[in-house]
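The values are calculated or read from the model by the stated rules, or taken from the named source; none is laboratory data. Please read these numbers as outputs of a predicted model, since none were measured by experiment. Heads up, the Cβs are rebuilt from the backbone with ideal geometry, glycines too, and the neighbour counts pull from every protein chain shown. All accessible areas refer to the heavy atoms of the entire protein, side chains included, with ligands and DNA or RNA removed. Shrake-Rupley method; radii C 1.70, N 1.55, O 1.52, S 1.80 Å.
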Amino acid sequence: MSTWRIANRQESSRTDIRDNRESTLTAHQCTATSTGAESTLAEVLADVLRVDNVSVDSHFFDELGADSLVMAKFCARVRKRGDLPSVSMQDIYRHPTIRSLAAALANVAPRPAQPLVSAAIEAATPTSTREYILCGALQALFLLAYSYVALLAIQAAYAWVAAGSHAVAIYLRLVLAGTAAFFAVSAVPIAAKWVLIGRWRPQQIRLWSLAYVRFWVVKTLIRSSPPPRLFIGSSLYSLYLRALGAKIGPGVVIFSRRVPVCTDLLTIGPGTVIRKEAIFNGYRAQAGRLETGPVTLGRDTFVGERSVLDINTSMGDGAQLGHTSVLHSGQTVPPGERWHGCPAQRTNVNYVRVAPARCGPLRRAGYSVAALLVVLLLYLPLMEGGASLAIGAATWLAGALVPTAHADALGVLLVEAAILSLVLFFGLALIGLLLAVAVSRVLNPFIKPDTVYPLYGLHDAVHRAIARIGRLRFFTRLFGDSSYIVHFLQWLGYHLSPVEQTGSNFGNEVMHANPSLSAVGTGTMVASGLILVNDEVSSSSFRVSRAAVGPRNFVGNDVVYPAGGKTGDNVLLGTKVMVPLDGKIREGVGLLGAPCFEIPRSVERDSRFDHLRMGEALRCGLAAKNRYNLRTIGVFLFTRWTAVLLFALLYLAALALYDVLPHVVSAVLFALGIVITGVYFTLVHRCVEALHTARPTICSIYHPDFWSAERRFKVNPIYYLHAFDGTPFKNLLWRLMGVRIGRRVFDDGAHISDPSLTAIGDESVLNYQTNIQCHSLEDGTFKCDRITIGARCTLGVGAFILYGVTMGDGSALAADSFLMKGEEVPAHARWAGNPAKEM
């Protein structure tokens, strides 16, 4: 069939839908409702749809043409009336007509006009501006002091290593210097924790107080120390947590890089497995205070990928918590039971599907010793020696390019910094790209799919090397949101053929455990944050398997797709959806929530740009988008290199002035490298946005409004700003980027994708890994709108808020909850769940 006929058929289909909707609304205007609740609900829906009347038997999506944003407004209107029970989006999807919805709500008592506040909700802890400023000053002093000590150590080590008489002596000195630095940096957080805190205990810490400053120092040191980064999943990591006070049994395997802070409150029984990206901090922030509490895991428990354990939670022996699940405060999983979802509930799904293998203490110890030796004898000397050689080469070239007789110190320093930054940035980028492609392809033949291997052996080391490369974010951020991400993933080993190029096949975050066992079907579009879980792990074994997303799918944000996912062709996987591992293969439907439930695959609103996805319109639109994206990639590379140049300039200036000015001045320059880099990235984002201001819109991916949004996403310095988490400086940077942020907001590590569309009220609390996203991309239709968070609101750990949301003053969203687009949370309300609803 010709492209013209396809386009006309689709246009005809959309016209039929509109005609059917109008005829439905007209034909059923006289249909009588049988109950008062039905009449009231029909009246509210008609007002939202801006029609005279609606039928109580008309399907919200198929016949009335509504979408989730419209129905979210309907739910908000119902809640505001006060004479009806509260209605959630999950109720709407389960009961998609007025009659079925009214019947489902018939046995629910209506809420009072003024909702009662639970006695368990404590009043907000007051904070003051004076404490806020003093806290920031003390945090800055700590950074300066740490920089001062680091600079002294670096200069002394550099001079001592350079004094070596021959290559072997220099290598031995590099090993000794690196070993001393490694153990010193690893020991400082342990010493600071025991000196400043002692033993963690359940308590409340007022934000911005002196007690909070002590907490922040310990948290910052723990999360920046080497062992959690270098020895994830080994006994050395467990040993490090034990030194910090955690009670961890033998045979525990922790793959998560989300390092716990309140370690004395952490108890993990023997044989427990904690998967990647799981969060178990031992603390949370809310209403002007930090709260610490225990997290207790029994023997042989399992915590899935990207799951969250809130404070005051526990799991019994042999219990399991599935992927993308959460235990809210007070929840307990009984021994032997399997739970999943948000909030977690009982299930029959088995998340430990790999047989055990022989893996004794000697094998674990040998692997840990080998990993430590590789770091001390190879990794650290290579890093130190490479940096020294790069600095030496830059100095020599600067002297050659700028003759001493005609040069001033500043000119030589600038040339030296430019050469060093070019070598480091573009050299490491090229080497990293070659390694990323080579490692996955060269090492992959050593691992056979669906074969059980013991942990802590050669096969495990190969698997970890492939997985570690697969989690590098630089290249997916570089190529993502463009046509070039497809070629990069195919170089790694992804199975994508045949490819239907859209220019937005994948977003800027795609991760995997094994690229050669990762497949995405033809015509599938992935927004951002997809994690393909190719590996299955027990406390003693692992295996890798194929993880395949079917054709004609749309995958939303923050989706964990495990091997064996029960989805097939033409499926919409909503944001933060829990992919099912049991039951029938889902096809031709949408899936939302945790645990997931079915929703319509698509709505009329998302089909309005179908004519731009075929024929000549697609060819022209894709070509224009590719040209724009190439310029965006150039902007990304240039701005990242300039940041390295700024840091190199300050670092080299600190070393050059070490013997000229007091050491504290050099330390200030060293510390300013971090601060100025953060300010620089925020200014870059602001300048890029000034060229094309973000505004609420709905458009095709082939419209310049979307291309400019992709450019803003690419230069958004989210990961660089984490250095300022928990400090007043983070709010200054957000404000500089365009966020309308109030006074004394506490940000412990939030992601804000669209700063200029986001408003946050005074003294609100953003917990660790909170995601505020003012846009979505469904089947090639880009939508963005504002998000307004009132004063003294709390967003829980790992919570996700989508566009068009308004949260009233004093409201709260529980950990790992997903607040859907268009929702209106009343003041002082408590919402939880995926999708979130009133508690």
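With a requirement of 2 or more residues that are under 18 Å from Trp339 (Cα atoms), the strands (runs of 3 or more DSSP E) lying completely within region 260-311 that satisfy it span 295-297. In a loop (DSSP other than H, G, I, E, B), among the aliphatic types (A, V, I, L, M) and either buried (at least 18 other Cβ atoms within 10 Å of the Cβ) or without any contact (Cβ under 8 Å) to a residue 24 or more places away in the chain (or both), is that true of Val352? Criteria met by Val352. Apart from one condition, Arg346 fits all of (1) closer than 28 Å to Gln90 by Cβ; (2) in a strand (DSSP E or B); (3) in contact (Cβ under 8 Å) with a residue 40 or more places away in the chain; (4) not aromatic (Phe, Trp, Tyr); the exception is (3).
Checked against the criterion of being touching a helix residue (DSSP H, G or I) at 6+ places or on another chain (Cβ under 9 Å), open to solvent by 10 Å² or more (accessible area, probe 1.4 Å) and under 26 Å from Ser700 (Cα atoms), region 512-519 contains not a single residue that satisfies it. For region 664-722, a tally of residues being out of contact with any His (no Cβ under 9 Å at 6 or more places or on another chain), part of a helix (DSSP H, G or I) and of a type in the set (S, T, N, Q) returns 3. Of the residues in region 3-11, not one is touching a Leu at 6+ places or on another chain (Cβ under 8 Å), modelled with pLDDT under 50 and part of a helix (DSSP H, G or I).
When residues in region 520-540 are screened for being open to solvent by 10 Å² or more (accessible area, probe 1.4 Å) and under 24 Å from Val715 (Cα atoms), 3 of them pass. Among the criteria (1) modelled with pLDDT under 95; (2) buried (at least 21 other Cβ atoms within 10 Å of the Cβ); (3) at negative phi, the one Ile268 does not fulfil is (1). Can we say Val51 is at pLDDT 80 or above and open to solvent by less than 30 Å² (accessible area, probe 1.4 Å)? Spelling it out, it is not the case that Val51 is at pLDDT 80 or above and open to solvent by less than 30 Å² (accessible area, probe 1.4 Å). Listed conditions (1) modelled with pLDDT of 95 or more; (2) over 20 Å from Val78 (Cβ atoms) are all met by Met807, apart from (2). One residue stands out in region 434-463 among those that are open to solvent by less than 40 Å² (accessible area, probe 1.4 Å) and assigned to a helix (DSSP H, G or I): the one that is nearest to Gly251 (Cα to Cα), namely Asp460. Of the helices (runs of 4 or more DSSP H) lying entirely inside region 131-233, the ones with 3 or more residues being open to solvent by 40 Å² or more (accessible area, probe 1.4 Å), at pLDDT below 95 and small (Gly, Ala, Ser) are found at 167-196. Entry remark, region 229-272: residues being within 22 Å of the chain's Cα centre (by Cα) and farther than 21 Å from Gly198 by Cα number 10 in total.
Residues are listed down the side, and each one gets a yes or a no for (1) open to solvent by 60 Å² or more (accessible area, probe 1.4 Å); (2) at positive phi:
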| residue | (1), (2) |
| --- | --- |
| Leu655 | no, no |
| Leu669 | no, no |
| Gly673 | no, no |
| Leu691 | yes, no |
| Thr697 | no, no |
| His703 | yes, no |
| Trp707 | no, no |
| Val715 | no, no |
| Gly726 | no, yes |
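For region 464-483: of the residues being in a helix (DSSP H, G or I) and of a type in the set (D, E, K, R), which is surrounded by the fewest Cβ atoms within 10 Å (Cβ to Cβ)? Going through the qualifying residues, I end up with Arg468. Of all residues in region 581-600, those being farther than 19 Å from Ala836 by Cα and either open to solvent by less than 20 Å² (accessible area, probe 1.4 Å) or within 25 Å of the chain's Cα centre (by Cα) (or both) number 1.
Do we have Ala667 as of a type in the set (Gly, Ala, Ser) and at pLDDT 75 or above here? No: the conditions fail for Ala667. Against the conditions (1) outside any strand (DSSP E or B); (2) modelled with pLDDT of 95 or more; (3) more than 18 Å from the chain's Cα centre (by Cα), His828 satisfies every one except (2).
Counting the residues of region 774-795 that are assigned to a loop (DSSP other than H, G, I, E, B), open to solvent by 10 Å² or more (accessible area, probe 1.4 Å) and within 30 Å of Arg601 (Cβ to Cβ) gives 3. Just for region 58-95: of the residues that are under 28 Å from the mean Cα position of the chain (by Cα) and in a loop (DSSP other than H, G, I, E, B), which one is surrounded by the fewest Cβ atoms within 10 Å (Cβ to Cβ)? Among those that are under 28 Å from the mean Cα position of the chain (by Cα) and in a loop (DSSP other than H, G, I, E, B), it is Asp67. Could you please find all residues in region 736-785 being basic (Lys, Arg), modelled with pLDDT of 95 or more and in contact with a strand residue (DSSP E or B) (Cβ under 7 Å, 6 or more places away or on another chain)? Hit for region 736-785 is Arg740, nothing else.
Of everything listed in (1) surrounded by fewer than 22 Cβ atoms within 10 Å (Cβ to Cβ); (2) without any contact (Cβ under 8 Å) to a residue 40 or more places away in the chain; (3) over 22 Å from Lys821 (Cα atoms), the single unmet condition for Arg740 is (3).
On inspection, Arg601 fails the criterion of being out of contact with any Lys or Arg (no Cβ under 7 Å at 6 or more places or on another chain), basic (Lys, Arg) and either touching a residue at least 60 places away in the same chain (Cβ under 8 Å) or on the phi > 0 side of the Ramachandran plot (or both).
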